[in-house]
1. Could you tell me which residue of the range 143-155 is most open to solvent (accessible area, probe 1.4 Å), considering only residues that are small (Gly, Ala, Ser) and in a loop (DSSP other than H, G, I, E, B)?
2. When the residues of the range 104-124 are narrowed to those that are at pLDDT 90 or above and among the small types (Gly, Ala, Ser), which ends up nearest to Ile149 (Cα to Cα)?
3. Of the conditions (1) within 30 Å of Phe127 (Cβ to Cβ); (2) among the β-branched types (Val, Ile, Thr); (3) in a helix (DSSP H, G or I), Ile41 satisfies every one except a single condition; which number is it?
4. If you take the residues of the range 56-81 that are in contact with a Lys or Arg (Cβ under 9 Å, 6 or more places away or on another chain) and surrounded by 14 or more Cβ atoms within 10 Å (Cβ to Cβ), which of them is modelled with the highest pLDDT?
5. Looking at Arg91 and the list (1) modelled with pLDDT of 90 or more; (2) open to solvent by 100 Å² or more (accessible area, probe 1.4 Å), which single condition is not satisfied?
6. Any idea which residue in the range 110-142 is surrounded by the most Cβ atoms within 10 Å (Cβ to Cβ), counting only those that are in contact with a helix residue (DSSP H, G or I) (Cβ under 7 Å, 6 or more places away or on another chain) and of a type in the set (A, V, I, L, M)?
7. Among the residues of the range 24-38, is any open to solvent by less than 100 Å² (accessible area, probe 1.4 Å), β-branched (Val, Ile, Thr) and more than 35 Å from the chain's Cα centre (by Cα)?
8. Just a yes or no: is a residue in the range 38-54 modelled with pLDDT under 90 and among the aliphatic types (A, V, I, L, M)?
Amino acid sequence: MKKAIKRIICGLILMIYMFSLTGCWDKRELNELAIVLGVGIENSDDGKINVIAQIPKNTGTQGGNSGSGGDTMGEYSNIVYQGDDIFDTIRKMTTVSSRQLYNAHNQLVVFEKELAEKGIYDYLDYFVRDNEFRYTMWLVVSDGKTSEILDAATQ
């Protein structure tokens, strides 16, 4: 009889621990994130760097075969921020956006040609060390301004 009571008490204690230790302690809600699709890095006129982040707009639903809803493909906004180094600039870009930048879905990094000629080691070092960026993104060097590349129409 005592063994059965001990097992029941141990089972209840384990269930209490099991239910109290679950949860999302570091949750990030989707409506609080700005998903970055592309990043552009270029020199500014005063010797600093401009970082451009391309973010899709969420102004509707993407319609499928049902014919209902609007198609938002191709609608995006570019956030531009100027700073001294890449780390500081990307972290402070959140002050410009109403939502926190989420870089895990970044597909493209565009470097300006003049910036690439000076060396991009520090920029690549940042992208490798930041745990939010993935190694599957494309690295591109542009002849013109990266803001023009990220503003190009895709149709």
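1. Keep residues of the range 143-155 that are small (Gly, Ala, Ser), which gives 144, 147, 152-153.
Filter again for in a loop (DSSP other than H, G, I, E, B), leaving 144, 152-153.
Values: Gly144: 32, Ala152: 51, Ala153: 93 Å².
Result: Ala153.
2. Selected residue: Ala116.
3. Failed condition: (3).
4. Restricting attention to the range 56-81, the residues satisfying the condition of being in contact with a Lys or Arg (Cβ under 9 Å, 6 or more places away or on another chain) are 72, 75-77, 81.
The next check asks that each one be surrounded by 14 or more Cβ atoms within 10 Å (Cβ to Cβ); those that pass are 72, 76, 81.
On the way: Thr72: 42, Tyr76: 84, Tyr81: 91.
Only one residue tops the list, namely Tyr81.
5. (1)
6. Val110
7. There is no residue in the range 24-38 that is open to solvent by less than 100 Å² (accessible area, probe 1.4 Å), β-branched (Val, Ile, Thr) and more than 35 Å from the chain's Cα centre (by Cα).
8. Scanning the range 38-54 turns up no residue that is modelled with pLDDT under 90 and among the aliphatic types (A, V, I, L, M).
The values are calculated or read from the model by the stated rules, or taken from the named source; none is laboratory data. Bear in mind that the values here come from a model prediction, so they are computed numbers and not experimental data. As a convention, Cβ positions derive from the backbone with ideal geometry for all residues, glycine included, and neighbour counts pool all protein chains shown. The area values use the complete protein model at the heavy-atom level, side chains included, leaving out ligands, DNA and RNA. Shrake-Rupley method; radii C 1.70, N 1.55, O 1.52, S 1.80 Å.
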